[in-house]
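The values are calculated or read from the model by the stated rules, or taken from the named source; none is laboratory data. Since the model is a prediction, treat every value here as computed from it, not as a measurement. Please note: Cβ atoms are built from the backbone with ideal geometry, for glycine as well, and neighbour counts cover all protein chains shown. Note: accessible area is taken over every heavy atom of the protein model, side chains too, but ligands, DNA and RNA are not part of it. Shrake-Rupley method; radii C 1.70, N 1.55, O 1.52, S 1.80 Å.
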Amino acid sequence: MKRWLSTLEAARAMGVTDVSVRNWCNEGKLKCLLLPNKRRKILVSDLLEMAEQYGMNVDRSMLSSKRATV
């Protein structure tokens, strides 16, 4: 099962603001799914890939919730 995050959940795991996450999506640095309501969803695997690529830390304990699976 794939685990999806909101921009706020991704931001909390990265220790940044949700605005930063939205900017990364807009700039193409972070893959995301843009929903019809203009909200973004981010796969955990894509967040981890971006963090590794740019040498950023991720609090993996923030990613353990089973709430947003598809």
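Counted as qualifying within the chain are the helices (runs of 4 or more DSSP H) with 3 or more residues that are modelled with pLDDT of 95 or more, touching an Asp or Glu at 6+ places or on another chain (Cβ under 8 Å) and surrounded by 10 or more Cβ atoms within 10 Å (Cβ to Cβ), namely 7-14.
Cβ-Cβ contacts under 9 Å between residues 6 or more apart (or on different chains), taken from a first residue in region 33-59 that is without any contact (Cβ under 8 Å) to a residue 24 or more places away in the chain and closer than 15 Å to GLU9 by Cα to a second residue that is open to solvent by less than 100 Å² (accessible area, probe 1.4 Å) and part of a loop (DSSP other than H, G, I, E, B), are listed as ASP46/LEU30; ASP46/CYS32; LEU48/VAL58.
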